[in-house]
1. Evaluate peptide B:7-16: per residue, the Cβ atoms of other protein chains within 10 Å of its Cβ; return the mean as an integer.
2. From the P(r) of segment A:167-288, could you give the percentage of C-alpha pairs in the tail past 20 Å?
3. Amide H of B:TRP22 versus every other amide H placed in the peptide plane: which residues, excluding those fewer than 5 positions away on the same chain, fall under 5 Å?
4. Using all C-alpha to C-alpha distances in the protein assembly as shown, build P(r) with 20 Å bins and read off the rounded percent in each one.
5. Output the peptides B:7-14, B:54-61 sorted from most to least packed, where packing is the average of other Cβ atoms within 10 Å over each peptide's residues.
6. So how strong a dipole does chain A carry about its Cα centre when Lys and Arg Cβ are +1 and Asp and Glu Cβ are -1, to the nearest 20 debye?
7. So what is the calculated 222 nm ellipticity per residue for chain A, using -39500 (n - 2.57) for each DSSP H run with n of 4 or more, over all residues, to the nearest 500 deg cm²/dmol?
8. Is segment A:227-292 rounded, prolate or oblate when judged by the Cα gyration tensor, a ≥ b ≥ c being the square roots of its eigenvalues, rounded requiring a/c under 1.5 and prolate requiring a/b larger than b/c?
Amino acid sequence: MTERMSEQAQDTTIARAWALLEADRAEQALAELSRLSPTQAGAAVAFQLRGRALMHLERWKEVDENARRGLAEIGPDPVLLGQLGFALFEAREYSNAERAFLDALALAPHDVELLCAYSRLCLHADQAGKAKQLWQRAAALDPYHRQIMITRVVLAIGTADDREAQRASDAYLAEYPADPIALALQGQVAEMRGRSGYGSIRQAVAADPDDRDIADLAWEARFYAHPLMLPLRPLIRLGTVKSWLIAVAIMFGLRFAGLNTLGLIAAVVWVSLCVYSWIVPPLLRKWIFRRR
Amino acid sequence: MPDDNLLMPTITETPQPVYRPWRVDSLVYPAFFGGPIAVTYLGTVNARRLGLSNRKLSLIVATGAAALTAQVLVIVFFLQDVSNGAQRLSFSAAGIVVWGVAQYLQRRPFRIFLLRGGEPASLWGAGVSTVIPSLLLQFLLIYVVSSAVNR
């Protein structure tokens, strides 16, 4: 999708807007694009670049409007259809988003970004099997593409396969060590597995301070890294099932071994930890997020 | 084009649930304190909120019924003369088994719910108001079965 756009970016203003977008300066790219003459502004590449800038700024309603206007003026275009798909995906209009992605894929069936986007959409629509098949098809085309790496992590998170999520985020970070999303995902997966991901997420925020999703993740990581969460860290690391099985086994074991006092102490400690885990995290979360 | 079926539309618009689901991991607390009745009820409600199929819902209910039956029989035949603590722990163990099944069935849909940006509901009110009647019901059930057996 991006290569097609670069081929068409011949005009100077368009080329400048393109360069600004490559430098993550989406607002300035939009300002540059607003200087285009009405004829140039109606060109496919202008609509595509405007859409990309709006996507970068997460102005999804405008992405939707721009794509629809572009499609009405220039006819079917895989880039604009893809952008429309993203906008509808964000608006949680999943079946409409699917229609847009499929129309785009009918024109560009080997587009890795489109296949990955459709794969993530299927995951959100609770169709994990199809999502994985789409990802496999895209991965066969370009296994080290950034979107392939991201989608692999997202699929693992969505299917609750935390070990695969760890492997996938490690592979992504190894391939793209300075990528803020790779750092953010590495941190997020670490948090999910009961480890501190605050360091990675802080690096991600430093690498891309404008990304709102990464900033949100940083607040979440600050919550998990707080000293008041330390007593719960072993439980998060073990996972709820294992923690409870171990606790119940210890309490039962001590009782059946006739060690009633120890059994009682174990039960009191466990119940105290449970009560702590009900009361402290919600209050801490409120306190931390209020300062945002 | 390879495997054209993959590029066929399969997504249908599903209505958003009226009530937000609870954290699946949090259901372990009513399971521990309220036993199988509490967690079966809450697990089924949560499964409905997460849009699970009727088959999966039935599996949770069936596990709950089996765990409750097993627990009542164990108490009546093996633990009637032992301390209340041991009976209490058997409630929790039965509850945890049901929760294990509910957790296994619900963790993926719950992850999807979180991926979509959903915010889970608080279990406090529902949890407490389910645990107390569940415990009373379980005690009543054990009393009735014990009386019938000892008659």
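The values are calculated or read from the model by the stated rules, or taken from the named source; none is laboratory data. Owing to the predicted nature of the structure, the values given are computational and were not obtained by experimental measurement. Every residue, glycine as well, gets a Cβ built from its backbone with ideal geometry; the counts of neighbours run over all protein chains shown. These accessible areas exclude ligands, DNA and RNA; they are computed on the full protein's heavy atoms, side chains included. Shrake-Rupley method; radii C 1.70, N 1.55, O 1.52, S 1.80 Å.
1. The shielding value for this peptide is 6.
2. Summing the P(r) tail past 20 Å for segment A:167-288 gives 54 percent.
3. B:ALA121
4. 21, 47, 24, 7, 1
5. B:54-61, B:7-14
6. It works out to roughly 1500 debye.
7. For chain A, the value works out to -25000 deg cm²/dmol.
8. Values: a/c = 4.10, a/b = 2.48, b/c = 1.65.
It is prolate, given that a/c is not under 1.5 and a/b is the larger ratio.
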